[in-house]
């Protein structure tokens, strides 16, 4: 039975809302095939756009040109099949094509120029202004280091904006980057700050504000006005929060969903963050971040994205190895990548210079090689930038009732630490994490004054967890260590106290202190095993005893899950079996979503070790997320499962996974 146009568009819209990656690309390709086979033909334009979009944002930029060419041909043959949205999508995707084609050195300069000329011709015929085409002429000239780049930049800004122009966040973002690149720090930072202050301008798009912030972090340090050091640190943290991924834990599920869309993208912005940490004296943090982004060393969305990442990482390694004498320090990378910073620096340099030569040969300039030479002589900034979000000396007191300058509301809030905790929870929900940390610590200090040690411990643990999400490992260890001490002093039941110690172990592991982390997990396992083996208290009802037992089993499973994650992060494949065991334990407790998360971890760990087990674990995660109606993580797992099945040659199973979504 032929689908109606509304039914077809509904399926295609579902595909468009999937996370970027192999499953989305496969589903979009299947929809194009289905429209070809079953109709209706009026849905073909939308289906092709979904496929173009999936390739562009899903690690397949080099494949997008085929459906784009098909869409252009379809528009020329059957313009009546394109409604206003289809027409808009088609001409918007022109910008993706001219931008992405230059990222591949095998695309000739003649082809790039011809594509730009065709964009200008078709925009003129459709009645669009030259704002978007001239922007991309400037971007190509900027990439080549062409002499006419400044002239083309000015020419772009003189054009009238229209519906094909980048949004009011992205277009100024390019201007901010250009200003900072050309030394106009005040102008660039002022423009960026005015954009963030304007409530009528959207605050988030695909590449922004990450691109602006990744440039601004350097500009603030270079400018050096009063308060700029704090602004630089804040820009860095905000940029990394937006980039997400393995770097910073996401406090809200919405954040994890949002950053999942950038899993394959924004390689240069990630590289800039690594360089920033190295140049501001945060060497250990730079190495940790490089380990988090290790995949971009060998693969990015395009060769140019990889070159940009390698250039900034190379600048960081130059500082770490040549200036800071850290060449012998180990880095957690998998073979065949080098295992020390010094060896990695030489490898990165060779890889980057080879790529730059390919682009310069295509571009007819030496611009990319010149950028590398400049990066290879980068130096650290004077002094160390303090990236802590937890003060070295935590709040020891709060506003007292005798402080005549405090308002009644302020006095009441600080006198009641429970209100401070609720205030902190609201701040977390509105992403004011640093202010939330202060509120939790102030509450903890007040709880201690009142002798409520258990409450003080949990408030301090919340602050430590948030510090961990912002990669302030000093502050996180400080808070979590004190929290564990307070909970022990308060004789807090182990089923409640143990999870705090587990997070402390995770913090220590991230700091490279595996021995201390293992010791904490061993201690918690022993305490929990003893509690599980102890007889029920005589006064407990059967129901209460079961709740206590389930709490203990959950806490014990958390220990296994944390250890599995640490093993896998350290390259030890034995963590996969432990993660699978934790998943099965969660499932036996009826905790379906934690079970799905642990199965997902196990599936990643088994991949390339025992692919059959990896498939089974990912399938289990997929089913778990389906049961609890967690669509976004389910689709993330589907991406990984499809990619694995395709690699194993099990294309029919991969197609079935996509069909079942």
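Each reported figure results from applying straightforward, stated rules to the coordinates on display, with no laboratory input. Since this is a predicted model, take the numbers as computed values, not measurements. All Cβ positions, even for glycine, are placed from backbone atoms using ideal geometry, and neighbour counts span all protein chains on display.
Here are a few things to note about the model shown:
- Summed over qualifying helices (DSSP H, 4 residues or more, each -39500 (n - 2.57)) and divided by its residue number, the chain shows a 222 nm mean residue ellipticity of -22500 deg cm²/dmol.
- For the chain, the longest principal axis of the alpha carbon atoms and the long axis of helix 651-660 meet at an angle near 70°.
- Å³ per residue enclosed by the Cα convex hull of the stretch 264-385: 91
- The mean of 1/r over all distinct Cα pairs in the chain, once inverted, gives the Kirkwood hydrodynamic radius of 27.4 Å.
- The percentage of C-alpha pairs in the stretch 97-161 whose separation is greater than 19 Å is 30%.
- For a modelled paramagnetic label at residue 384, 7 Å from Cα along Cα-to-Cβ, the residues of the stretch 271-286 in reach, with backbone nitrogen under 11 Å, are 281-285.
- Taking packing as the residue-averaged number of other Cβ atoms within 10 angstrom, the listed peptides 293-306, 361-374 run from highest to lowest as 293-306, 361-374.
- Angle between the chain longest axis and helix 494-510 axis [Cα atoms, degrees, rounded to 10]: 50
- Sorting 197-204, 651-658 by average packing, meaning the other beta carbons within 10 Å per residue, from highest down gives 651-658, 197-204.
- Taking 0.36 nm per residue of separation and subtracting the current Cα-Cα distance, fully stretching the chain between residue 108 and residue 431 would add 111.8 nm.
- Against the main long axis of the alpha-carbon atoms of the chain, helix 542-569 sits at an angle near 50°.
- Per the Kirkwood formula applied to alpha carbons, the stretch 468-612 shows a radius of gyration over Rh ratio, Rg over Rh, of 1.00.
- Residue separation of residue 206 and residue 542 scaled by 0.36 nm, minus their Cα-Cα distance, works out to 115.6 nm of gained length.
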